[in-house]
1. Just give me the residues in the stretch 17-53 being without any contact (Cβ under 8 Å) to a residue 12 or more places away in the chain, part of a loop (DSSP other than H, G, I, E, B) and closer than 17 Å to residue 82 by Cβ, in sequence order.
2. So which residues in the stretch 1-16 are in a loop (DSSP other than H, G, I, E, B) and either loosely packed, with under 12 Cβ neighbours inside 10 Å or out of contact with any strand residue (DSSP E or B) (no Cβ under 7 Å at 6 or more places or on another chain) (or both)?
3. From 36, 80, which residue is over 15 Å from residue 5 (Cα atoms), out of contact with any helix residue (DSSP H, G or I) (no Cβ under 8 Å at 6 or more places or on another chain) and surrounded by fewer than 13 Cβ atoms within 10 Å (Cβ to Cβ)?
4. Tally time: how many residues in the stretch 54-81 are without any contact (Cβ under 8 Å) to a residue 24 or more places away in the chain, within 22 Å of residue 15 (Cβ to Cβ) and not in a strand (DSSP E or B)?
5. What's the number of the only condition in (1) crowded, with 16+ Cβ neighbours inside 10 Å; (2) closer than 13 Å to residue 79 by Cα that residue 46 fails to meet?
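Bear in mind that the values in this text are calculations on the coordinates, not laboratory data. Here the structure is a predicted model, which is why all the values come from computation and not from measurement. Cβ: placed from backbone, ideal geometry, glycine included. Neighbour counts: every protein chain shown.
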């Protein structure tokens, strides 16, 4: 199983709805809040097929690191606020 390096997702903490996010490798994605039984979760989907989409079960926090396992191997994403 291949392990990919750390990719940073730049998130605007002021936006409360769907937002386009930029990644440290220059690609883009979308972060969408979703209502779930336990509260709000955040769905991440990316335009670059090298990055698997994932759901974060809590509000993104600056510095959070999420490990995502996909058919292509493990990827690590870090959340970083933009101003």
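1. Within the stretch 17-53, 26 is the sole residue that qualifies.
2. Hits for the stretch 1-16 are 1, 2, 14, 15, 16.
3. 36
4. Summing the residues that are without any contact (Cβ under 8 Å) to a residue 24 or more places away in the chain, within 22 Å of residue 15 (Cβ to Cβ) and not in a strand (DSSP E or B) in the stretch 54-81 gives 6.
5. Single failed check for residue 46: (2).
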